[in-house]
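Peer 1: Structure provided below as structure tokens; questions to follow.
Read the figures in this text as sums done on the coordinates, not as results from a lab. All of these numbers come straight from a predicted model, not from anything done at the bench. For neighbour counting, all protein chains shown are included, and Cβ atoms are generated from backbone atoms with ideal geometry for every residue, glycine included.
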Amino acid sequence: MKILAYPNGIFGATTYLVYEEKSLEGAIIDCTSSIDEIEKEIKKRNIKLKYILITHGHFDHVYCIAKMKEKFPSAPVMIHKDDMDLLNQIPIQCSMAGIKEIKVPCIDGLLDENSKNLTLGNKEIKIIHTKGHSKGGVCYLIDNILFSGDTLFKGSIGRCDLFGGDYKEIENSIKNKLFTLDENITVYPGHGDKTSIKYEKKYNPYFGSNY
């Protein structure tokens, strides 16, 4: 898999463009900035954009999705079903953050852990529901690559004092879902540097050296 990261979104949120190199089938994961740059890269590499995937419904991760959908209307926008209420609260979120209100993106498909047949070439996109940062927060696992949204960061975890947050739930999601994955999985978070499951199990200060 090829991964291109665009880390300069609003509040430092990262947009990912990922594609399978043989089929050139790709997906955008969250969309926070760099619309023109991403569009140029997709056309340059002849990527067939199949999906626009959302890790969770906070405004900084969907900031540019409506505009990106206009450029790629055939790519369905998808989010976990439990974050639809959060997505519809975008105007309130923007007001509380002191930024200009953005357009709430239209959703083409709802996801949960039973969602099947999401693929890039011969690679399956697995949905891992990791509630805690939000009710419908998810991670996307493709082979040994995990896009963790705002659930797990390098040396940290997602905050739980926002819309839909719950510390006990995020702790459970990380311990019992993410930390049971292969330790060699590389983690690409919604903010900051990439990490690995092995590193976080050993060094993440929220969990100690218990794994």
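Peer 1: Can you give the helix-only mean residue ellipticity at 222 nm for the chain, where every DSSP H stretch with n ≥ 4 adds -39500 (n - 2.57) and the sum goes over all residues, rounded to the nearest 500 deg cm²/dmol? The partial results should precede the final answer.
Peer 2: Details: 7 runs with 47 residues, N = 211.
Mean residue ellipticity, 222 nm, calculated: -5500 deg cm²/dmol.
Peer 1: Follow-up question, since we're still on this one. Nothing charged except the Cβ atoms of Lys and Arg (+1) and of Asp and Glu (-1): what's the magnitude of the dipole of the chain about its Cα centre? Round to the nearest 20 debye. Numbers along the way, then the final one.
Peer 2: On the way: 28 positive and 28 negative charges, 84 e Å.
Rounded to the nearest 20 debye, it is 400 debye.
Peer 1: Turning to a different aspect of this structure: Let me know the Rg and Dmax you get for the chain when you use only its Cα atoms, in Å.
Peer 2: Computed over the Cα atoms of the chain, radius of gyration and Dmax are 16.0, 47 Å.
Peer 1: Right, something else. Set the bar at 24 Å for Cα to Cα. Now go through K40/K135; K67/K131; K116/K177; K116/K202; K131/K202; K2/K40 and name every pair that lies beyond it. Don't skip to the answer; put the middle values down first.
Peer 2: Numbers: K40/K135 34 Å; K67/K131 27 Å; K116/K177 18 Å; K116/K202 32 Å; K131/K202 22 Å; K2/K40 16 Å.
Checking Cα-Cα distances, K40/K135; K67/K131; K116/K202 exceed 24 Å.
Peer 1: Another question about this same structure. Figure the gain on full extension for E70 and K43 (residue separation times 0.36 nm, minus the Cα-Cα span) and round it to one decimal in nm.
Peer 2: Additional length available on full extension: 8.2 nm.
Peer 1: Here is a follow-up. Have a look at the DSSP beta bridges in the stretch 1-127 and tell me what percent are antiparallel, nearest 5.
Peer 2: Of all bridge pairs located within the stretch 1-127, approximately 50 percent are antiparallel.
Peer 1: So which residue, out of I28, I65, I47, gets the largest mean-square fluctuation from a GNM of the chain using Cα contacts under 10 Å as springs?
Peer 2: I47
Peer 1: Suppose R0 equals 30 Å. What FRET efficiency, 1/(1 + (r/R0)^6) with r the Cβ-Cβ distance, do D112 and K168 give to the nearest 0.05?
Peer 2: Values: r = 21 Å, r/R0 = 0.69.
The formula returns an efficiency of 0.90 here.
Peer 1: Through the Karplus equation 6.51 cos²θ - 1.76 cosθ + 1.60, θ set to phi - 60°, convert the phi angles of the stretch 114-125 into ³J(HN,Hα) values in whole Hz; use x for Gly and Pro.
Peer 2: 8, 5, 10, 6, 8, 9, 10, x, 9, 9, 7, 9
Peer 1: Using the basic label-point model (7 angstrom from Cα toward the beta carbon), what is the I10 to K202 distance in nanometres?
Peer 2: Output for this residue pair reads 3.9 nm.
Peer 1: Something else now. Using modelled amide H (1.01 Å from N, peptide plane; none on Pro or chain starts), what sits under 5 Å from the amide H of L120, excluding residues fewer than 5 places away?
Peer 2: Residues meeting the amide H criterion: I125.
Peer 1: Using the Cα centre of the chain as origin and beta-carbon charges of +1 (Lys, Arg) and -1 (Asp, Glu), tell me which of S173, G190, Q93 is placed farthest towards the positive end of the dipole.
Peer 2: G190
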